[in-house]
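The values are calculated or read from the model by the stated rules, or taken from the named source; none is laboratory data. Keep in mind that this is a model prediction, so the values were computed, not measured. We place every Cβ from the backbone using ideal geometry, glycine too, and count neighbours over all the protein chains shown.
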């Protein structure tokens, strides 16, 4: 009995020691599993936050500046003047993706002029470095003739291959919410109408909603007939 008792006690002692040795290992595994799960959750959150931008492909289109004519409005020698509507820029979509009109901007810069205040109310002519921004190419808050000139493009809301877009110096709406904005020498208190000096160079940029440059062109302004 003594021998059996000793053997039994020794067996029970060994079993207890094994259990105590396994417990820390199981705890460590559980901690590691929790860390892996947390790391996966963080990684998933980051991917969801930036994944859409990373996978977004900007549109690709070939835009050609077919013609540009005009002249300063109401100032300078008579032969070099032009009406606002005679300042016309014709752009052609030559190929590539169709561009959504409400998500595309156009910026035109060069030497030109506008009026400080309202032309009809005797505004003051402003002349110098002129910057014109079409916030979008849709018909919203533009002169009614913009729709008539660009009827084909505006039908489905997309500027597609083979279609022409015509801009002119009087595209601005009479509303203060016009989507055409004009500044001269940094002064944005203008009528939002514009003219560019004949014989000078303009730069035209087509920009997408993410402010990415899709096309950049330069042209010499031809005197309007």
* Test for residue 203: is it in a loop (DSSP other than H, G, I, E, B), within 21 Å of residue 61 (Cβ to Cβ) and within 22 Å of the chain's Cα centre (by Cα) -> no
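Which one is surrounded by the most Cβ atoms within 10 Å (Cβ to Cβ), of the residues in the stretch 156-185 that are without any contact (Cβ under 8 Å) to a residue 40 or more places away in the chain and part of a loop (DSSP other than H, G, I, E, B)?
Out of the qualifying residues, it is 171.
Hey, could you check the stretch 67-81 for residues that are buried (at least 23 other Cβ atoms within 10 Å of the Cβ) and either out of contact with any strand residue (DSSP E or B) (no Cβ under 9 Å at 6 or more places or on another chain) or modelled with pLDDT of 95 or more (or both) and say which is farthest from residue 184 (Cα to Cα)?
The residue in question is 68.
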* May I ask you to say which residue of 126, 101, 165 is in the same structural domain as residue 217 (by TED's automatic domain parsing) and out of contact with any helix residue (DSSP H, G or I) (no Cβ under 8 Å at 6 or more places or on another chain)? => 126
* Residue in the stretch 139-148 that is modelled with pLDDT of 95 or more, in a loop (DSSP other than H, G, I, E, B) and in contact with a strand residue (DSSP E or B) (Cβ under 9 Å, 6 or more places away or on another chain) present -> no
* To do: Mind listing whichever residues of the stretch 151-179 are within 17 Å of residue 68 (Cβ to Cβ) and in contact with a strand residue (DSSP E or B) (Cβ under 7 Å, 6 or more places away or on another chain)?
  => 164, 165, 166, 167, 168, 169, 171
* Here are some conditions: (1) buried (at least 18 other Cβ atoms within 10 Å of the Cβ); (2) under 14 Å from residue 196 (Cβ atoms). Residue 137 meets all but one. Which one does it not meet? -> (2)
* Asked: Which of the residues belonging to the stretch 83-112 are more than 24 Å from the chain's Cα centre (by Cα), farther than 18 Å from residue 204 by Cβ and part of a loop (DSSP other than H, G, I, E, B)?
  -> 83
